[in-house]
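**Q** The structure's right below; bear with me while I get my questions together.
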Amino acid sequence: MKPQRTLNAIRTAAHRTDLATPAERDRAVDALRALAILGVVLGHWLVTALVADGGSLHTASPLHFMPWLAPISWVFQTLAVFFLVGGHVATKGYASARARGVTYGQWVRTRTTRLFKPVAAVVTLWTVAACGLLATGADAGTVHTLVKLALSPLWFLVVFAALTAATPLLTRLNPLWPLAVVLHVDLVRFGLGGPSWLGWVNLPAGWLVPYTLGAAWTRGELESRRAGRVLLAGGAAATAVLVAWAGYPASMVGVPGEPVSNLNPPTLAAVTFGLAQCGLALLLRERLRRAMRRPLAWAAVALVNLSAMTIFLWHQTALMATTATGLLAGRLPGLHTTPGDLTWVAARLAWLPVFALALTVCWAAFRAGEQGGDRRPSRVVRSHRPGAGRTSGPRVDA
């Protein structure tokens, strides 16, 4: 009977969340954001290996040993979709804030606080952990590997915060301008033998492309299915040409040991691939809107959106906590072994539920850093007083 009562409670909560959602809310936006976050998490869990070698750990990737698995990175490298949604939400939110008389300073402070509030906990924990490991004689290389992986998501927050702060200047920027910057940077780097550091210009420019596409979405310029088809077909064709004939890596994520990474910093191939992803996301909007009419599906998406930064910041810690705990039982397949064959892949798939459980523990412990202590109601779900609306349950907020 207990499982049935639990299921009934979940259905009741999902139904209340569904009823509390304003009819005008575009649920496809939240669904795309949730898919982008979960894509990044699963991608990292699938292609990041911590190999135990003696008394140390070092990173490896199955894509290095099995490059034919590169299509995995095409599915799970979803950052372009996140920047597309981010640009759309930010430009729409800024216009709404201005209409309400909110100043730019107030608006950008609220946005950046939401981004960085959960960061303090993860930085503090890993600072203490690193100091403790070094003090107990842990291998310095291992500590560096762990800290680098744990804090690697922070680069995303810095770039996203910078683009968010620049939103008033970007509302009318044509995506072709940053795309042209990326094109010329790669031409100089790879075609003319320019300095490698020049590639870091693509860090803001590359992600500015999907972000300004999000602004174009807000302006209503991407509503037709033709826009999505053009982006999907054009981006896919350009990426195929760059990989097949221009020497760009097929993997859309970095692979340890490879001379060029499509992601660190972004290359032209990563940007054109992102255009294809954005096109697909735009084409899926109507299907996602229909799917989000189901209360259970919508409640799950709302929950992910409420905890997006917590999930993003702690998913690597969940991976490493599982890896470290597993060492107590010895060198386990798919967790501490070299990712050199399909046996490792099968074992890693079996570990995914354990990673998810560890992430759930992190979420339960640290979600207050994202959801609590803010005077302003949540962007996604908030509670309000009985009688203030059509339900006294959670209310989905734009």
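The values are calculated or read from the model by the stated rules, or taken from the named source; none is laboratory data. Predicted, not measured: the structure shown is a model, and the values here were computed from it. Note that we place each Cβ from the backbone using ideal geometry, even for glycine, and neighbour counts take in every protein chain shown. Keep in mind that these areas ignore ligands, DNA and RNA; they rest on the heavy atoms of the full protein, side chains included. Shrake-Rupley method; radii C 1.70, N 1.55, O 1.52, S 1.80 Å.
**Q** Order ARG172, ARG331, ARG226 by their accessible area, 1.4 angstrom probe, all chains in place, largest first.
**A** Ranked list, largest accessible area first: ARG172, ARG226, ARG331.
**Q** Further question on the same structure: Between LEU146, LEU328, LEU179, find the one with the highest GNM mean-square fluctuation for the chain; connect C-alpha pairs within less than 10 Å.
**A** LEU328
**Q** Of the candidates HIS315, HIS184, HIS336, which one comes out as most mobile in a Gaussian network treatment of the chain with C-alpha springs shorter than 10 Å?
**A** HIS184
**Q** For LEU57, list long-range residues whose amide hydrogen, built 1.01 Å from N in the peptide plane, is under 5 Å from its own amide hydrogen.
**A** It is THR142, by chain and number.
**Q** Which net charge results when you count Lys and Arg as +1 and Asp and Glu as -1 among the other residues whose beta-carbon is under 15 Å from that of SER224?
**A** Once all neighbours under 15 Å are counted, the net charge is +2.
**Q** Follow-up question, since we're still on this one. Mind ranking 202-212, 117-127 by how tightly packed they are, going by the mean number of other C-beta atoms within 10 angstrom, highest first?
**A** So the peptides 202-212, 117-127, ranked by packing, come out 202-212, 117-127.
**Q** From the helices alone, meaning DSSP H stretches of at least four residues, give me the mean residue ellipticity at 222 nm for the chain, per-run term -39500 (n - 2.57), in deg cm²/dmol to the nearest 500.
**A** It lands at -21000 deg cm²/dmol.
**Q** Can you tell me the order of 18-28, 266-276, 189-199 when each peptide is scored by its average per-residue count of other Cβ atoms within 10 angstrom, highest first?
**A** Per-residue mean Cβ counts within 10 Å order the peptides as 266-276, 18-28, 189-199.
**Q** Under 10 Å, Cα contacts only: if you run a Gaussian network model on the chain, which one of TRP45, TRP107, TRP298 comes out with the highest mean-square fluctuation?
**A** Most flexible of the set in this elastic network: TRP107.
**Q** So in the chain, what percent of DSSP beta bridges are antiparallel if you round to the nearest 5?
**A** The antiparallel fraction comes to roughly 100 percent.
**Q** I've got another one for you. Could you run the Karplus curve 6.51 cos²θ - 1.76 cosθ + 1.60 with θ = phi - 60° over segment 220-231 and give me ³J(HN,Hα) per residue in whole Hz, x for Gly and Pro?
**A** For segment 220-231, the Karplus-derived couplings read x, 8, 10, 6, 6, 5, 4, 4, x, 5, 5, 5 Hz, x marking Gly and Pro.
**Q** Using a 1.4 Å probe on the protein heavy atoms only, what accessible surface does SER152 show? Give it in Å² to the nearest 10.
**A** 40 Å²
**Q** Output wanted: per-residue J couplings in Hz (rounded whole) for segment 190-198, from phi through Karplus 6.51 cos²θ - 1.76 cosθ + 1.60, θ = phi - 60°, x for Gly and Pro.
**A** Calculated HN-Hα couplings, in order: 9, x, 10, x, x, x, 5, 5, 4 Hz.
**Q** Let me ask something else about it. Quick one: what are the phi-derived ³J(HN,Hα) couplings along segment 123-129, Karplus 6.51/-1.76/1.60 with θ = phi - 60°, whole Hz, x for glycine and proline?
**A** Once θ is set to phi - 60°, the couplings for segment 123-129 become 5, 4, 4, 6, 5, 5, 4 Hz.
**Q** Cα centroids of segment 303-368 and segment 57-79: how far apart, whole angstrom?
**A** 16 Å
**Q** Then there is this: Using a probe radius of 1.4 Å on heavy atoms only, what accessible surface per residue do you get for segment 46-163? Whole Å² is fine.
**A** Computed with neighbouring chains in place, this is 45 Å² per residue.
**Q** List the extent of the Cα atoms of the chain along each of their three principal axes, largest first, rounded to whole Å.
**A** 64, 58, 38
**Q** Still on this structure: Give the ranking of CYS131, CYS362 by solvent-accessible surface, highest area first, calculated with a 1.4 Å probe.
**A** From most accessible down to least: CYS131, CYS362.
**Q** Let me ask something else about it. Based on the mean of other Cβ atoms within 10 Å per residue, sort peptides 69-82, 284-297 so the most packed one is first.
**A** Result, highest mean Cβ count within 10 Å first: 69-82, 284-297.
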